[in-house]
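Undergrad: Quick one: the structure is below, questions incoming.
The values are calculated or read from the model by the stated rules, or taken from the named source; none is laboratory data. Here the structure is a predicted model, which means the values were calculated and not measured. A quick note on method: Cβ atoms are made from the backbone with ideal geometry, for glycine too, and the neighbour counts reach across all protein chains shown. In case anyone asks, the SASA skips ligands and DNA or RNA and just uses the protein heavy atoms, side chains included. Shrake-Rupley method; radii C 1.70, N 1.55, O 1.52, S 1.80 Å.
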Amino acid sequence: MLRALYSAAAGMESQQLNLDVISNNLANVNTTGFKKSKIEFEDLLYQTTRAPGAEQGAGNQLPTGVQVGHGSRVVATSRIFTNGELSQTGEQLDMAINGDGFFEVQMPDGTKAYTRAGSLKTASDGRIMTSDGLPVLSGFQAVPAGTTSISIAPTGDVTYTTPSGNTTFRVQLSRFLNPNGLESLGRNLYKETQSSGLAELGSPGENGFGQLEQGQLELSNVKVVEEMVHLIMAQRAYEVNSKAVQAADEMLQQGNNLKR
């Protein structure tokens, strides 16, 4: 009975973490550039009382064994980097990445981070910043004083139009061999890790990199109906594990109530 109690408790803990992940997805349904997470489970160690394939004498072997597991646990929470829907805003510095890639930003400590949120702003000195006030790298140049319009091509060619002429340059995007290995920092930011591999730089629209869409933002890729289905499944799984705890408790109670 104790094994059943611990196995069911492990299942309840796994489903609680599942609910936490689903809740975070739903909370960020309107977060620009947000990528939903999925939870992955694995079964725990097994207690083997009869090993499959054990010798039984006369050349005979057990075709199957007796193994009892000890529940489940969460092994990973991985990001799903599918594209979200694009929303038209009309803002000159709003950019969506239609495909693979990240914008590179500079953290306050000088390190680099990466984001898909393209709601960019201009600082007082003309630097391109995120909504959180972090400078955007990726080859962006400061906006000159007196700029009347900013044009951004899908290939990353940026043109600043001023009364004295045009300034043209090209931005680059970053991507990773294993984006699921990135560390989530919050604030729509990801950090490079050994698991993600080094950032690969490239021009938008070339060699598999996504194109830039000016005046648009990438919405969250969370699908509310899908998350609600997962929510119901997590709730029922938690409930059935709690029933197993209750059943084991009742069986222990019956054993305690036995009389000679």
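Undergrad: Can you confirm whether Val143 is in contact with a strand residue (DSSP E or B) (Cβ under 7 Å, 6 or more places away or on another chain), free of Cβ contacts under 8 Å to residues at least 24 places away in the same chain and over 20 Å from Ser203 (Cα atoms)?
TA: Values: in contact with a strand residue (DSSP E or B) (Cβ under 7 Å, 6 or more places away or on another chain): yes; free of Cβ contacts under 8 Å to residues at least 24 places away in the same chain: yes; over 20 Å from Ser203 (Cα atoms): yes.
Spelling it out, Val143 is indeed in contact with a strand residue (DSSP E or B) (Cβ under 7 Å, 6 or more places away or on another chain), free of Cβ contacts under 8 Å to residues at least 24 places away in the same chain and over 20 Å from Ser203 (Cα atoms).
Undergrad: Please specify each residue of the stretch 141-154 satisfying the condition of being open to solvent by 50 Å² or more (accessible area, probe 1.4 Å) and within 18 Å of Arg116 (Cα to Cα).
TA: Selection gives Pro154 alone.
Undergrad: Please go through the stretch 63-77 and pick out each residue that is surrounded by 13 or more Cβ atoms within 10 Å (Cβ to Cβ) and either without any contact (Cβ under 8 Å) to a residue 60 or more places away in the chain or not aliphatic (A, V, I, L, M) (or both).
TA: First, the residues of the stretch 63-77 that are surrounded by 13 or more Cβ atoms within 10 Å (Cβ to Cβ): 65, 67, 69-74, 77.
Gly65, Gln67, Gly69, His70, Gly71, Ser72, Arg73, Thr77 - these are the residues of the stretch 63-77 that are surrounded by 13 or more Cβ atoms within 10 Å (Cβ to Cβ) and either without any contact (Cβ under 8 Å) to a residue 60 or more places away in the chain or not aliphatic (A, V, I, L, M) (or both).
Undergrad: Continuing with the same structure: Ala123: out of contact with any Ser or Thr (no Cβ under 9 Å at 6 or more places or on another chain) and more than 18 Å from Arg79 (Cβ to Cβ), yes or no?
TA: Yes; evaluated as a whole, the condition is true for this residue.
Undergrad: Restricting to the stretch 37-59, and then to whatever is open to solvent by less than 90 Å² (accessible area, probe 1.4 Å) and over 41 Å from the mean Cα position of the chain (by Cα), can you tell me which residue is modelled with the lowest pLDDT?
TA: The residue in question is Gly57.
Undergrad: Right, another one. Just for the stretch 188-222: of the residues that are open to solvent by 70 Å² or more (accessible area, probe 1.4 Å) and touching a residue at least 60 places away in the same chain (Cβ under 8 Å), which one is farthest from Gly133 (Cα to Cα)?
TA: We begin by selecting, within the stretch 188-222, every residue open to solvent by 70 Å² or more (accessible area, probe 1.4 Å); these are 191, 194-195, 198, 200-201, 206-207, 211, 219.
After this cut, where a residue has to be touching a residue at least 60 places away in the same chain (Cβ under 8 Å) as well, the list is 191, 211, 219.
Values: Lys191: 17, Gln211: 24, Leu219: 20 Å.
Looking at residues that are open to solvent by 70 Å² or more (accessible area, probe 1.4 Å) and touching a residue at least 60 places away in the same chain (Cβ under 8 Å), I get Gln211.
Undergrad: Pick from Ser131, Ser124: which is among the polar types (S, T, N, Q), free of Cβ contacts under 8 Å to residues at least 12 places away in the same chain, open to solvent by 40 Å² or more (accessible area, probe 1.4 Å) and in a loop (DSSP other than H, G, I, E, B)?
TA: On the way: Ser131 fails: free of Cβ contacts under 8 Å to residues at least 12 places away in the same chain.
After applying the criteria, what remains is Ser124.
Undergrad: List every residue pair whose Cβ atoms sit under 7 Å apart, with the two residues 6 or more apart in sequence or on different chains, where the first one lies in the stretch 236-260 and is over 13 Å from Ala9 (Cβ atoms) and among the basic types (Lys, Arg) and the second, anywhere, is open to solvent by 40 Å² or more (accessible area, probe 1.4 Å) and not in a helix (DSSP H, G or I).
TA: That search, which allows pairs on different chains as well, returns nothing.
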